Amino acid sequence: MAQQVQGVIARAKGEPVRIETIVVPDPGPGEAVVKVQACGVCHTDLHYREGGINDDFPFLLGHEAAGVVESVGDGVTEVAPGDFVILNWRAVCGQCRACLRGRPQYCFDTHNAQQKMTLTDGTELSPALGIGAFAEKTLVAAGQCTKVDPAASPAAAGLLGCGVMAGIGAAINTGNVGRGDSVAVIGCGGVGNAAVVGARLAGAAKIIAVDIDDKKLRTAKDLGATHTVNSRSADPIEAVRELTGGNGADVVIEAVGRPETYEQAFYARDLAGTVVLVGVPTPEMRIDLPLLDVFGRGGALKSSWYGDCLPSRDFPMLIDLYQQGRLDLDAFVTETIALADVEKAFERMHHGDVLRSVVVL
Ligand code: APR
Ligand code: ZN
Ligand code: ZN
């Protein structure tokens, strides 16, 4: 039987979101219905509401979530009712060229639920990132569910569904940070600060946090940065070089998404270092680099999608570290809020004093 539950809907461009009744169908083949326990508020949810994402209104927002599987459709083997799961927005196929080449992060055929959740008048909803978890229950593809230790706090676990995973993964997966490395993180919002945490987990000896906001730098320090640089008052390229014996950092992680910070990342790295680009630029942004500098520097320039994560490998591992007290996910939960307060959380996001607001149900 299809069920009616409450969900946070964006009806039209720029309009405040509101709670509406939605219809969640029974899971079809390969699908699961998940009772959502927690879902973080991400910038991408706001982009949906602002019409910045090429998909159709109305949207059911929310995508950084954890919850309990309520029911599964035919042929589902990954999870069973009662499992505590983190949802992911890249359930890969395992068979396309990208998957077969060992780069499932670039899978051509990611799976979402085939059936649609609707409003009560039958209008089909577009679930944010194929999830739609600002709702009491949501319908997803079973491959979007990863089982983790059920003793973990849902608010913390859900964070691994998006932004925090993107940051940690930028350091440990894409950047391949190793013991003793020097790492610079440019931009210490939720994603950059998660990269600081990832660098620390990986055993980096120096973690240099760069931001224009002292408040963010203080948080970075609390999370494990060994040095901080306010790039309003100091040249970040010079500062990073000075702190790394004149060389530049082994790994520089850019988590802003602007031309000047892309350029800083390029020059703040060691000649053989790696630049990891996590910050998402806008289509019109350009940088202008001397080709001799591009040629003259070895190392690598890599972009990082979703922290190059493999949910079935990374989620349980990171939750285990969290449960052991070795990964502080709680530090990213600035506040827990009700489903009705998502719009307020969007407002707070603009002020920049929140790492994550998390809806808890
Ligand atoms: N130099 C250094 N830091 C900067 C600069 C700058 N020129 N401009 C902004 N920042 C800092 C902000 O002060 C803030 O701390 O970058 C940080 C951005 O953080 P958030 O706005 O919280 O964004 P976040 O969620 O961390 O995402 C960062 O990663 O995944 C992408 O789409 C995401 O592009 C976005 C980026
Ligand atoms: Zn997100
Ligand atoms: Zn694939």
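The values are calculated or read from the model by the stated rules, or taken from the named source; none is laboratory data. All of these numbers come straight from a predicted model, not from anything done at the bench. Here the Cβ positions follow ideal geometry from the backbone for every residue, glycine too, while neighbour counts run over all protein chains shown. The protein model used for the area step is the full one, side chains on, heavy atoms only, and it has no ligands, DNA or RNA in it. Shrake-Rupley method; radii C 1.70, N 1.55, O 1.52, S 1.80 Å.
Sorted by accessible area with a 1.4 angstrom probe, largest first, how do Met1, Met349 fall? Intermediate results must be reported in sequence, preceding the final value.
Working: Met1 180, Met349 35 Å².
So, going from the largest accessible area down, we get Met1, Met349.
Give the calculated FRET efficiency between His351 and Leu100 to the nearest 0.05, with a Förster radius of 30 Å applied to their Cβ-Cβ distance. Let's see the in-between values first.
Numbers: r = 45 Å, r/R0 = 1.52.
That pair, His351 with Leu100, gives E of 0.10.
Mind checking the per residue accessible area of the chain for me, 1.4 Å probe, whole number of Å²?
On the way: 15540 Å² over 361 residues.
Per residue, the chain has an accessible area of 43 Å².
Between the helical axis of 311-323 and the dominant principal axis of the chain, each derived from Cα atoms, what acute angle in degrees is found, rounded to the nearest 10?
80 degrees
So how far, in whole Å, is the C-alpha centre of region 8-75 from the one of region 200-239?
35 Å
Counting pairs of Cα atoms in the chain, how many percent are more than 31 Å apart?
Values: 22005 of 64980 pairs.
Considering the chain, 34 percent of its Cα-Cα pairs are separated by more than 31 Å.
For region 19-28, take each phi angle, set θ = phi - 60°, evaluate the Karplus expression 6.51 cos²θ - 1.76 cosθ + 1.60, and give the result in whole Hz per residue in order, putting x for glycine and proline.
Each residue of region 19-28 in turn: 7, 9, 7, 10, 10, 10, x, 4, x, x Hz.
Relative to the longest principal axis of the C-alpha atoms of the chain, give the angle of the C-alpha long axis of helix 342-351, reported between 0 and 90° and rounded to the nearest 10°.
Computed tilt is about 10 degrees.
Round to a whole number: what % of the accessible area of region 268-361 belongs to carbon and sulfur, probe 1.4 Å?
On the way: 2920 of 5090 Å².
C and S fraction of accessible area: 57 percent.
Only four residue types carry charge here, +1 at the Cβ of Lys and Arg and -1 at the Cβ of Asp and Glu. Report the dipole size of region 216-361 about the Cα centre in Debye, rounded to the nearest 20.
On the way: 15 positive and 22 negative charges, 22 e Å.
With only Lys, Arg, Asp and Glu charged at Cβ, the dipole is about 100 debye.
Could you please put Leu301, Leu223 in sequence from largest to smallest accessible area, using a 1.4 Å probe? Working shown, then result.
Numbers: Leu301 105, Leu223 15 Å².
Result, largest first: Leu301, Leu223.
Dividing the alpha-carbon Rg of region 1-109 by 2.2 N^0.38 Å yields what? Spell out each step's value before the answer.
Values: Rg = 15.9 Å, N = 109, 2.2 N^0.38 = 13.1 Å.
Taking the Cα Rg and dividing by 2.2 N^0.38 Å, one obtains 1.22.
Would you kindly state how much longer the chain becomes between Asp26 and Asp149 on full extension, computed as 0.36 nm times their sequence separation minus their alpha carbon distance, in nm to one decimal? Don't skip to the answer; put the middle values down first.
Working: separation 123, 0.36 × 123 = 44.28 nm, distance 2.58 nm.
My answer for the length gained is 41.7 nm.
For Glu50, list long-range residues whose amide hydrogen, built 1.01 Å from N in the peptide plane, is under 5 Å from its own amide hydrogen.
Amide H neighbours of Glu50: Gly14.
Over its Cα atoms, what ratio of radius of gyration to 2.2 N^0.38 Å does region 104-253 give?
1.31
Spelling out what I want: for every residue of region 136-146, take phi, set θ = phi - 60°, compute 6.51 cos²θ - 1.76 cosθ + 1.60 (Karplus), and round to whole Hz; glycine and proline get x.
5, 9, 9, 9, 9, 6, 4, x, 8, 9, 10
With viscosity set to 1.567 mPa s at 4 °C, what whole-number translational diffusion coefficient in µm²/s follows for region 204-288 from Stokes-Einstein and a Kirkwood radius over Cα pairs?
Numbers: Rh = 13.1 Å.
Estimated diffusion coefficient is 99 µm²/s.
Counting DSSP beta bridges with both partners in region 98-230, what percentage is antiparallel, nearest 5?
Details: 1 of 10 bridges.
Taking every DSSP beta bridge with both residues in region 98-230, the antiparallel ones total about 10 percent.
For the chain, find the longest principal axis of its Cα atoms and tell me its angle to the long axis of helix 190-201, 0 to 90°, nearest 10.
On a 0 to 90 degree scale, this one is about 70.
Obtain the nm distance between the two label points defined at Arg326 and Thr123 by a simple spin-label model: each point lies 7 Å from its Cα along the Cα-to-C-beta direction.
Calculated label separation equals 4.9 nm.
Excluding ligands and nucleic acids, what accessible area in Å² is computed for Glu347 using a 1.4 Å probe, to the nearest 10?
100 Å²
With every protein chain kept in the model, how would you rank Arg356, Arg241, Arg11 by accessible area, 1.4 Å probe, largest at the top? Present the calculation step by step, with values, prior to reporting the outcome.
Values: Arg356 20, Arg241 65, Arg11 90 Å².
Largest accessible area first, the list is Arg11, Arg241, Arg356.
Using a basic spin-label model with each label point 7 Å from the Cα along Cα→Cβ, how many nm lie between Gln6 and Arg218?
Distance between label points: 3.5 nm.
Sum -39500 (n - 2.57) across every DSSP H segment of at least 4 residues in the chain, then divide by the residue count to get the 222 nm mean residue ellipticity, nearest 500. Walk me through the numbers before you get to the answer.
Details: 11 runs with 92 residues, N = 361.
It lands at -7000 deg cm²/dmol.
Given charges of +1 on the Cβ of Lys and Arg and -1 on the Cβ of Asp and Glu, with all other atoms neutral, how large is the dipole of the chain about its Cα centre, in debye to the nearest 20?
Working: 31 positive and 44 negative charges, 134 e Å.
About 640 debye.
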